[in-house]
1. Give the ranking of VAL25, VAL128 by solvent-accessible surface, highest area first, calculated with a 1.4 Å probe.
2. How far apart, in nm, are two points set 7 Å out from the Cα along the Cα-to-Cβ line at THR53 and at GLU127?
3. List residues of segment 105-149, by number, whose backbone nitrogen lies under 13 Å from a label position 7 Å along Cα→C-beta of LYS156.
4. At 0.36 nm per residue, and after removing the present C-alpha to C-alpha distance, how many nm does the segment from GLU29 to LYS137 gain when stretched out fully?
5. Ordering LYS116, LYS59 by accessible area with a probe of 1.4 Å, largest first, what comes out?
6. Taking 0.36 nm per residue of sequence separation and subtracting the Cα-Cα distance, how much length would be gained by fully extending the chain between GLN12 and LYS41, in nm to one decimal?
7. Determine the alpha carbon to alpha carbon distance for each of LYS7/LYS116; LYS116/LYS146; LYS41/LYS156; LYS41/LYS119 and list only those over 31 Å.
8. Taking amide H atoms as placed 1.01 Å from N in the peptide plane, list the residues 5 or more away in sequence, or in a different chain, whose amide H sits under 5 Å from that of LEU121.
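The values are calculated or read from the model by the stated rules, or taken from the named source; none is laboratory data. Since this is a predicted model, take the numbers as computed values, not measurements. Here the Cβ is made from the backbone with ideal geometry for all residues, glycine too, and neighbour counts use every protein chain on show. Note: accessible area is taken over every heavy atom of the protein model, side chains too, but ligands, DNA and RNA are not part of it. Shrake-Rupley method; radii C 1.70, N 1.55, O 1.52, S 1.80 Å.
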Amino acid sequence: MTGNDGKKKEQQELGLYEQIATRTVELVENGKKSLDEALAKAREELSAAGDFTREQADKASEYVRRDLSALGENVDKARDSLKKAVDPQRMTAGAQSVLARLLSGASGLLGEWAQKTEKQLEFKTGEVTSLGTLTCKACQGEIQMKAPGHIPPCPKCTGTLFRKSY
């Protein structure tokens, strides 16, 4: 594959990523679909249009799913857990003891969520992602993604594993 072919392929992938992400967000915001349903519908619409193969749409959809679910899922879970743990109706005699036991039990669960969240924030060179800051796990160097694009190697140490912040 020549340099021009590679650039053209990258541009197609970025365009597909942006189209799927935009359509998925539209469907979710209109309240008509869950994230999975909206993503499937957006993928089907774009692959049915014939501009992209099913495989290309599937790959871009996985990148979009990763980015969108990392933003919303874990925030909702943590908020729900905290609401249950500090519900004012539970604050009666002995509530501090109960709360301490709840928080001890929740710490393990929150630790698991933290590990899962951290894994979702792990990105590799060559993947497509949305805008944000990528921090190299090897040297802590940063890459600012100002638009969706392929993740390059770390400019500081050529590392290929990053943590993303939005």
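1. From most accessible down to least: VAL25, VAL128.
2. 2.3
3. 134-144
4. 35.5 nm
5. LYS116, LYS59
6. 8.5 nm
7. LYS7/LYS116; LYS41/LYS156
8. Distant-sequence amide H within range of LEU121: zero hits.
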